[in-house]
Amino acid sequence: MEFFNPTLQSLLFGIIFFIQWEATNQWKGPGTTPNLENIVIGRCYDYTATVNPSVGKKNCSAIWEAFKSAFFSKDPCSIFPSDFERYINLTLHDIPINQSLFWENNKELVRRLSDRGNRYMSLGDTLMGWLADDLYFCGSSTDSGFNYNSCPIMSECEHNAQESFWRLASVTYAKHSYGEIQIMLNGSTPGGGYPVPSFLSDFEIPNFQRDKVSSINIWVMDEIDGANVDSCGKNSTAMLESFLSRRGFSYKCYDNYRPVRILQCVDFPDNPKCSSNSGSGFTLSWITMIPVWFAMIMNCGNTH
């Protein structure tokens, strides 16, 4: 039959292939986390009941709906920070004075240091950050409204759901931080501890409120087995110090700040940097007292 000529067959094959490709939308990032609704709502109840009850009662169902509506069934490359404003407003709460902890390239160390907000309250320890931390999410025009196969990353399109979410969350967190602020950089990161661009350099530090911030501590922490690429007054850390100085902020910079280094050595007591002959001031007897001393040091003056 003339209807099924080779040219038309090729055209139909191309259309079918395009439809299938669009349905799966093979972006470079992971797809939406399965059971996203249950995870977000479950985290919300857990946070308000056991992690940080001081935030008071929150409408977890309304928070989920605000989060979902920001990207559900939408073009995954047309999601803007403003789409998450309702979610941010519903999850917003006070950050305890002197407990804000900003960071770059050392997430796991920050998590251990903050201790779920008991010592410090990083963005991931606030309700707005806690609910979305380590999750993936983007919309789709398919029946489910979510793309579970893949989500776009920054190099594919700037205005994707996760990029826009963390931009607004970062700006909000910076604007609501006050008192003494801590910034932890990774001194072993190739290229320096203060990368530009980054969430820290682009959305957090520029939004520090001069009338709210009394002082800033910069901790440049080398990986326990890493090289010393950056340090106070050098390389990219010097850029951060210069920026803070021009903005009129009072700051101090510490290389391998001892209380944080002690925390690293709890997990790696046999590392040469934690031994008595490392020149770091550590002794074996000190290492055995680390858990007790660390708790005393980090909880001194703790108001949370």
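The values are calculated or read from the model by the stated rules, or taken from the named source; none is laboratory data. Predicted model, so just to flag it, every value in this text is computed and none were measured. Using ideal geometry, Cβ is built from the backbone for each residue, glycine included, and neighbour counts are taken over all protein chains shown.
Points worth noting:
- Failed item in (1) farther than 22 Å from residue 174 by Cα; (2) buried (at least 16 other Cβ atoms within 10 Å of the Cβ); (3) among the aromatic types (Phe, Trp, Tyr), with residue 47 passing the rest: (1)
- Scanning the range 39-53 for residues that are farther than 21 Å from residue 147 by Cα, free of Cβ contacts under 8 Å to residues at least 40 places away in the same chain and touching a helix residue (DSSP H, G or I) at 6+ places or on another chain (Cβ under 7 Å) yields one hit, 45.
- Residue within the range 184-202 that is polar (S, T, N, Q) and surrounded by fewer than 17 Cβ atoms within 10 Å (Cβ to Cβ) present: yes
- Any hit, the range 186-204, residues being under 22 Å from residue 96 (Cβ atoms) and part of a loop (DSSP other than H, G, I, E, B): no
- In the range 70-82, the condition of being modelled with pLDDT of 95 or more, of a type in the set (Phe, Trp, Tyr) and under 14 Å from residue 129 (Cα atoms) is met by no residue.
- Residue 275, sole failed condition from (1) surrounded by fewer than 19 Cβ atoms within 10 Å (Cβ to Cβ); (2) modelled with pLDDT of 90 or more; (3) polar (S, T, N, Q): (2)
- Within the range 242-261, the set of residues being in a helix (DSSP H, G or I) and over 23 Å from the mean Cα position of the chain (by Cα) comprises 242, 245, 246, 258.
- A single member of 180, 156 is touching a residue at least 60 places away in the same chain (Cβ under 8 Å), more than 19 Å from the chain's Cα centre (by Cα), more than 30 Å from residue 27 (Cβ to Cβ) and surrounded by fewer than 23 Cβ atoms within 10 Å (Cβ to Cβ), and it is 180.
- Some residue of the range 159-169 being charged (D, E, K, R), crowded, with 16+ Cβ neighbours inside 10 Å and either modelled with pLDDT of 95 or more or within 13 Å of the chain's Cα centre (by Cα) (or both): yes
- Residues within the range 40-50 that are more than 18 Å from the chain's Cα centre (by Cα) and among the hydrophobic types (A, V, I, L, M, F, W, C), tallied: 2
- Taking the range 222-241 as the range and being in a loop (DSSP other than H, G, I, E, B), within 22 Å of the chain's Cα centre (by Cα) and under 23 Å from residue 203 (Cα atoms) as the test, only 230 passes.
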